[in-house]
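To start, the structure itself, in structure tokens.
The values are calculated or read from the model by the stated rules, or taken from the named source; none is laboratory data. Everything numeric here is computed off the predicted structure, so don't read it as measured data. Ideal geometry is used to build each Cβ from the backbone, glycine not excepted, and the neighbour counts take in all protein chains shown. What goes into the accessible areas is simple: the full protein's heavy atoms, side chains included, and nothing from ligands, DNA or RNA. Shrake-Rupley method; radii C 1.70, N 1.55, O 1.52, S 1.80 Å.
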Amino acid sequence: DKFDGKFPVVFGVPRSGSTLIRNVLNTIFDGNVKVQKHTFFEPKFPTVVTYRDFRDSSVSWWRKDTGKFDNVDQIRIVSMDDHSFTRIRGRYRNEFIKYLNQFKAHHSQDNILFLRFEDFVFNFDGLFLQIESFFDITIDDDIKSEVVESLNIDHVKKTYNSSFDPSTQFNKRHVFLGKVDTWKMIVREKDHDSLTNFFRDSLQQWGYTT
């Protein structure tokens, strides 16, 4: 591969699929992807960066952090006035999006692969193509089959439905739906515009519709 066997490091905006991607890469690179971070670092090794619509990712963190529900029929609505959600979305705008922008501003595409959650979460074929192109490798069909079978959302949700699993870092509340615009189901309707306005500049910068 073009990185001479240097194994990748993963950065993820929280709740943007970075744990899934680390597990995919661990399967491809035989368990050698040890580092997954949510803060900026100088990428001395090939770096894979994940991001997601900041409305979806911040609401996803609120759901997981507050432990409000795990299934669609348990959904609880959050308002922009909710104290925990105010804190969480503030961290996204003031910390995690800034880290994401640092990767974009200071380093070339040659050393960083940006993966958009909406493009890969239900599209392993597209994900494999991006990984093969970035690392200049060919992924064996057996490895692809293993990834698809063991890391699809339905399997992960069914398998890791109780305690935290240290080998994968999945846990009971790790996966909800994974669908685009899930935030609209969880944030009360009259706050939709306010949440979009809160993240508007960053959403537009990263190619999301506002």
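What number of residues in the stretch 4-21 are over 14 Å from PHE134 (Cα atoms) and open to solvent by 10 Å² or more (accessible area, probe 1.4 Å)?
5
Could you say which residue among ASN171, ASN111, ASN123, ASN197 is of a type outside the set (Gly, Ala, Ser), within 22 Å of LYS37 (Cα to Cα) and modelled with pLDDT of 85 or more?
Within the list ASN171, ASN111, ASN123, ASN197, the selection yields ASN111.
Do we have any residue at all in the stretch 157-174 that's touching an Asp or Glu at 6+ places or on another chain (Cβ under 9 Å), within 18 Å of GLY12 (Cβ to Cβ) and basic (Lys, Arg)?
The answer is yes, given that some residue of the stretch 157-174 is touching an Asp or Glu at 6+ places or on another chain (Cβ under 9 Å), within 18 Å of GLY12 (Cβ to Cβ) and basic (Lys, Arg).
Among the residues of the stretch 75-108 satisfying the criterion of being of a type in the set (Gly, Ala, Ser) and open to solvent by less than 50 Å² (accessible area, probe 1.4 Å), which is modelled with the highest pLDDT?
Step by step, filter the stretch 75-108, then rank; the result is GLY90.
So, of the residues in the stretch 31-60 that are farther than 24 Å from GLN205 by Cβ and among the basic types (Lys, Arg), which turns out to be modelled with the lowest pLDDT?
Among those that are farther than 24 Å from GLN205 by Cβ and among the basic types (Lys, Arg), it is LYS34.
So which of ASP193, ASP125 is among the acidic types (Asp, Glu) and over 20 Å from the mean Cα position of the chain (by Cα)?
Sole residue among the options that is among the acidic types (Asp, Glu) and over 20 Å from the mean Cα position of the chain (by Cα): ASP193.
Inspect the stretch 22-30 for any residue being modelled with pLDDT of 90 or more and open to solvent by 40 Å² or more (accessible area, probe 1.4 Å) and give the result as yes or no.
no
If you scan the stretch 61-74, which residues turn out to be at pLDDT 70 or above and either open to solvent by less than 10 Å² (accessible area, probe 1.4 Å) or not in a helix (DSSP H, G or I) (or both)?
TRP62, ARG63 - these are the residues of the stretch 61-74 that are at pLDDT 70 or above and either open to solvent by less than 10 Å² (accessible area, probe 1.4 Å) or not in a helix (DSSP H, G or I) (or both).
Residues of the stretch 17-32 being of a type outside the set (A, V, I, L, M, F, W, C) and assigned to a loop (DSSP other than H, G, I, E, B), which ones?
GLY17, ASP30, GLY31, ASN32
Within the stretch 142-199, can you find the residues that are under 22 Å from ASP119 (Cα atoms), free of Cβ contacts under 8 Å to residues at least 40 places away in the same chain and open to solvent by 80 Å² or more (accessible area, probe 1.4 Å)?
Residues satisfying the conditions are GLU149, ASP154, LYS179, LYS184.
Of (1) free of Cβ contacts under 8 Å to residues at least 12 places away in the same chain; (2) among the aliphatic types (A, V, I, L, M); (3) touching a Gly at 6+ places or on another chain (Cβ under 7 Å), ALA105 satisfies all except one. Which?
Failed condition: (3).
Going residue by residue through the stretch 33-54, is there one that turns out to be within 24 Å of TRP183 (Cβ to Cβ) and part of a helix (DSSP H, G or I)?
Checked the stretch 33-54: at least one residue is within 24 Å of TRP183 (Cβ to Cβ) and part of a helix (DSSP H, G or I).
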